[in-house]
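Accompanying notes for the structure given below.
Please treat every number below as a calculation from the coordinates, not as lab data. Because the structure is a prediction, the values reported are computed rather than measured. Note that we place each Cβ from the backbone using ideal geometry, even for glycine, and neighbour counts take in every protein chain shown.
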Amino acid sequence: MEKRGDCSVSTWGKIFTAIRGGINEAAEAAADSQSMRILDQEIRDAEQSLRSARSDLAGIMASNKSVLRRLEENRAKETKDTDSARAAISAGRTDLAQGLAQRIASIRGEVQRDQEELDRLLPRQQQMLRTIQETEARIAQMKREVENVKANESLLRAQSAIAHSQSGINTRLGSAVESLERIKKRQEITAGRIEAGAELAALENGSDLDRQLREAGIGGSSHSADDVLAQLMAPKHSVEPILLPAPTSKKD
């Protein structure tokens with residue numbers, strides 16, 4: 001048999017375990033809440049970085065368009081000057097052809113530099129665009145997951161509150177039922193006492209004895225409608241005439 005001291009130690013151990021469990025749950029809930037706040041902040045920081053990346057990408061795209069437009073203009077100039085130089089050579093104007101050749105060489109240098117810049121910037125532009133798109137997708141997915149976690153947490157809190165409230169309602173209903181049973185028992189006891197008191201009073205004034213005699217059909221008279229009708233329907237008793245003795249004659 002378990003000793004009283006061991007039982008107390010076991011009880012206190014269970015209480016301590018329960019308290020420790022409650023503290024751990026509270027600590028975990030606080031840590032989860034802090035983690036959610038940190039995650040929200042990280043999402044906001046990522047969105048801010050994404051906005052900066054979009055701004056940088058817009059600048060790169062604008063610069064590339066400007067270089068591409070200048071490149072197309074220089075190529076058009078090169079084509080025009082080349083045609084003019086050939087025409088000058090055909091016309092024997094080597095001096096003009098020489099001047100056009102120098103300008104064409106300068107234009108080709110600009111075209112080469114612009115093409116090299118485009119070759120350097122276009123891959124960067126494509127890489128930034130892919131990175132931004134992937135980041136947008138990750139942020140959107142993370143926001144959906146966070147919203148789902150928050151919705152589930154709110155649902156669990158609501159369910160826990162309902163369960164706690166239901167437990168309290170059941171406890172109060174159980175107490176009310178017990179109170180009703182106590183009231184019924186008290187009323188039954190009170191009614192029994194009143195009935196017993198009436199019986200004692202009847203015994204004291206003799207009315208109970210009269211009641212018992214009437215129930216036994218002894219004494220008293222019945223005045224019910226059935227009794228009166230029976231008396232009226234009963235035949236009347238005939239009275240037999242009284243015969244008198246014959247008179248005797250007197251002798252003279």
Inset, instruction - Net charge near Glu47: determine it from the other residues with C-beta under 13 Å of the C-beta of Glu47, scoring Lys and Arg +1 and Asp and Glu -1. - result: +1
Legend entry - Neighbour-count order for Leu155, Leu129, fewest beta carbons within 10 angstrom listed first: Leu155, Leu129
Inset, instruction - Sort Arg138, Arg186 so the one with the fewest other Cβ atoms within 10 Å of its own Cβ comes first. - result: Arg186, Arg138
Inset, instruction - Report the label-to-label distance for Arg54 and Thr94 in nanometres (one decimal), using points 7 Å from each Cα along the Cα→Cβ vector. - result: 6.3
